[in-house]
Amino acid sequence: MRLPLNVPVATGRPFIELAREVATIILHTVEAGWLLALEFRDVSVGAQELAITERLRDGMRSALNSGMFAWKGRMVVLSGTESRSRPEVILPDGRTDIPILVIEIFLRFGDHDPHAIIECKRIAGSDSHLCREYVVEGIDRFRLGKYGGNHSTGFMVGYLIADDTQDAATGINRYLNRASRGAENLEPSNLGGAPRAWRSTHPRAASSSIELHHVFLSFVGS
């Protein structure tokens with residue numbers, strides 16, 4: 001992973017720029033965790049978003065602990081928790097769904113805050129309300145620095161309650177285009193060896209842009 005310190009960041013916080021291979025292993029862990037989560041009957045289209053996320057988190061932990069990835073013991077899948085967007089914020093102003101702690105970053109900087117954040121949303125490309133929520137309550141939390149303000153990379157999971165991955169990306173892009181944000185459109189991921197994923201880049205006012213990796217998870221045919 002690359003951890004450059006010559007980039008403008010919030011005072012007292014290291015700028016965390018995950019290497020491509022780290023982003024790839026996170027996406028693989030999500031994929032493997034989802035397959036384990038689907039073994040539970042309560043993981044269904046009609047289940048509450050938070051409950052699905054808890055199953056996904058448990059699945060990701062099991063996948064890491066199984067040793068199927070070389071990253072066993074090097075990455076920790078944390079519990080969802082209230083979070084502070086900046087050190088100077090006293091009261092929590094957000095709640096992260098699946099925070100990730102990378103042991104190497106912790107040992108180097110002693111940074112107890114998450115080093116990667118996964119935000120989870122229900123999505124269906126044909127549902128304009130869900131597409132808007134995915135952007136406004138998901139993407140924009142990263143874009144505005146509420147999540148990962150000192151991160152160059154973020155992650156989003158979309159639970160497909162209808163349609164498919166292409167439909168989801170198309171629906172989200174349709175909303176972005178209506179909002180005159182076409183430059184932020186989702187496009188196929190350029191991460192080699194990663195599961196089928198999408199990527200998008202979003203400008204930030206106080207720092208460099210943030211790149212988001214998106215993966216859409218189906219309840220059937222997985």
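Just name the residue that is modelled with the lowest pLDDT out of those in the stretch 60-95 that are exposed (fewer than 15 other Cβ atoms within 10 Å of the Cβ) and part of a strand (DSSP E or B).
Applying the filter and picking the extreme gives Glu82.
So, in the stretch 170-213, how many residues would count as being out of contact with any Ser or Thr (no Cβ under 7 Å at 6 or more places or on another chain), closer than 22 Å to Gly148 by Cα and open to solvent by less than 20 Å² (accessible area, probe 1.4 Å)?
3
Looking at (1) open to solvent by less than 10 Å² (accessible area, probe 1.4 Å); (2) under 20 Å from Leu50 (Cβ atoms), find the lone condition where Asn150 falls short.
Here Asn150 clears every test but (2).
If Arg196 satisfies all but one of (1) of a type outside the set (Val, Ile, Thr); (2) under 17 Å from the mean Cα position of the chain (by Cα); (3) outside any loop (DSSP other than H, G, I, E, B), what's the number of the condition it fails?
(3)
Can you tell me which residue is least open to solvent (accessible area, probe 1.4 Å) among those in the stretch 42-59 that are in contact (Cβ under 8 Å) with a residue 12 or more places away in the chain and part of a loop (DSSP other than H, G, I, E, B)?
Restricting to residues being in contact (Cβ under 8 Å) with a residue 12 or more places away in the chain and part of a loop (DSSP other than H, G, I, E, B), the top hit is Val43.
From (1) out of contact with any Leu (no Cβ under 8 Å at 6 or more places or on another chain); (2) part of a strand (DSSP E or B); (3) charged (D, E, K, R); (4) surrounded by fewer than 21 Cβ atoms within 10 Å (Cβ to Cβ), pick out the condition that doesn't hold for Asp167.
(2)
Can you tell which of Phe216, Phe155 is open to solvent by less than 10 Å² (accessible area, probe 1.4 Å), touching a strand residue (DSSP E or B) at 6+ places or on another chain (Cβ under 6 Å), among the hydrophobic types (A, V, I, L, M, F, W, C) and not in a loop (DSSP other than H, G, I, E, B)?
Working: Phe216 fails: open to solvent by less than 10 Å² (accessible area, probe 1.4 Å).
Exactly one residue qualifies, and that residue is Phe155.
Would you please name the residue that is modelled with the lowest pLDDT, looking only at residues in the stretch 199-222 that are more than 18 Å from the chain's Cα centre (by Cα) and within 30 Å of Ala47 (Cβ to Cβ)?
Ser222
The values are calculated or read from the model by the stated rules, or taken from the named source; none is laboratory data. The shown structure was predicted, so the numbers you read here are calculated from the model rather than taken from an experiment. When we count neighbours, we look across all protein chains shown, and the Cβ atoms used for this are built from the backbone with ideal geometry, even at glycine. Only protein heavy atoms, including side chains, enter the accessible area calculation; ligands, DNA and RNA are left aside. Shrake-Rupley method; radii C 1.70, N 1.55, O 1.52, S 1.80 Å.
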